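Below is one structure, written out as structure tokens; the observations come after it.
The values are calculated or read from the model by the stated rules, or taken from the named source; none is laboratory data. What you see is a predicted model, and the numbers here were worked out from it, not measured in a lab. Neighbour counts run over all protein chains shown; Cβ positions are idealised from the backbone, glycine included.
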Amino acid sequence: MKYIFVLIIMASSLYGAKVTETKWKRGQTFSQYLQAKKIPLKVLDTISKEDEKFLSEISNHYHVYELKDDNGTILQTLIPINKAMQIQLSKDKNSDSYSFDIVPVMYKTREYYAKVIIDTDLYTDTFNAIQNKKVARRLKYALEEIIQVDNLHRGDEIDFMYEQSSRMGKPYLVPNIKVARVIMHKEEKFIYVDEEGDGFSQTDEQVAYTITGKKKITYSRKVPLSSAETRFGMPLRNARITSSFSYSRYHPILHRYRPHHGTDFGARRGTPLLAVNSGTVSFSGWMGGYGKVVKIRHGSGYESLYAHQSRRNVRVGEKVRRGQVIGYVGSTGRSTGPHLHFGLMKNGRWINPMNVLGKKSLERTVMKKFTKYEDVTTTKYRTVAIKGVKENKRKLLNYIQHNTPTYVWDEDLL
């Protein structure tokens, strides 16, 4: 199947056939398409039951390619089902019959360079320079997390490198910005971009790793006369409170009094964050001043919030258990440094987490001593280079030094 597009191009050049492009009409059925294109309906009899279900999944978001002879007869057509698979109809050389198959969408991905000189604003000037709206949107999204893009002045310069997939010579799928050099008010800054499209400026990061060993532990704890374990655990190991729940706290960034609906725990960037109880992830994404956030819905009307993360480890709808790593400490959003802002709601109202975290059952308990050997895990950190950052910077500087021309997409193709 890898040579489907090659065959189309060869047929076009050898036999004078032409490749045309259309979009699937909204609400159009596969049978209606066959009738409109004068393709015999008997091709429907060749479709297996397993493949029939894909006919209703044809997307109108992608382009349909048709190879036609000089008489307008379709020799081959490619109809996308989704971004990865497509229907292929091919005319038999010796008859009017057509064959049906489902094949991969063949596309290629390559690297591009662009230079933008600010005249109006970042998005407009990027689009004018390369004629690709998706790239312009992705670049603005990546940079606005690091710099004030509205403060870019006329004459400021942005050089960037990105990956873009193309199908039949036209942009396909979402582009990935790799690295950008911003010269803003004559100051140079490099901004790197992760797979989610978020920008960052550091080239190294602190990575947490754990060491496990055996240790003899003698301890005392209350044991309930009836079974009742701690209901909520702590959101990270060796928790250190730096700011408590308050209805009127002096905000260190806003410099005004504001409610602080949660508890802040100081920790190093990359420290694992733990689900305080089992539940279902109700939110995983960016939440304004809270930065990267995960929310977990528990039973009995409880919902927990973990803010300012450097990286999230769960998706919406995922089931988690108490103590599972759901993310890592960071400083995204409105933050003065790496820490966890932990919030807890009960029936839609914020409550003081420390009234719940680590609390025992209210049933009668007795104190007992225990001695045991258990695995003791110590979290340590090492500095590592962020994968791909230095290589992407080297490539970008090479483009700049060789005065590589900006690649301009054909606006009629977008």
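So is residue 76 within 31 Å of the chain's Cα centre (by Cα) and either buried (at least 19 other Cβ atoms within 10 Å of the Cβ) or not assigned by TED's automatic domain parsing to the domain that holds residue 165 (or both) or not? When the stated conditions are applied, residue 76 does not pass them. Each residue in segment 322-343 was checked for being touching a helix residue (DSSP H, G or I) at 6+ places or on another chain (Cβ under 6 Å) and either in a loop (DSSP other than H, G, I, E, B) or at positive phi (or both), and 2 of them qualify. The single condition from (1) of a type in the set (Val, Ile, Thr); (2) assigned to a loop (DSSP other than H, G, I, E, B); (3) more than 23 Å from the chain's Cα centre (by Cα) that residue 87 fails is (2). Pick from segment 51-73 the residues that are touching a helix residue (DSSP H, G or I) at 6+ places or on another chain (Cβ under 8 Å) and assigned to a loop (DSSP other than H, G, I, E, B): which of them is surrounded by the most Cβ atoms within 10 Å (Cβ to Cβ)? So the residue we want is 58.
So which residues in segment 195-209 are within 18 Å of residue 395 (Cβ to Cβ) and part of a strand (DSSP E or B), if there are any at all?
To start, the set of residues in segment 195-209 that are within 18 Å of residue 395 (Cβ to Cβ) comprises 195, 199-201, 203.
199, 200, listed by residue number.
Residues checked against (1) in contact with a Gly (Cβ under 6 Å, 6 or more places away or on another chain); (2) under 27 Å from residue 289 (Cβ atoms); (3) outside the structural domain of residue 84 (by TED's automatic domain parsing):
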site: 117; (1), (2), (3): no, no, yes
site: 122; (1), (2), (3): no, yes, yes
site: 142; (1), (2), (3): yes, yes, yes
site: 151; (1), (2), (3): no, yes, yes
site: 155; (1), (2), (3): no, no, yes
site: 171; (1), (2), (3): no, no, yes
site: 180; (1), (2), (3): no, yes, yes
site: 183; (1), (2), (3): no, no, yes
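When you look at residue 343, is it buried (at least 20 other Cβ atoms within 10 Å of the Cβ), at pLDDT 95 or above, of a type in the set (Gly, Ala, Ser) and touching a Phe, Trp or Tyr at 6+ places or on another chain (Cβ under 9 Å), yes or no? When the stated conditions are applied, residue 343 passes them.
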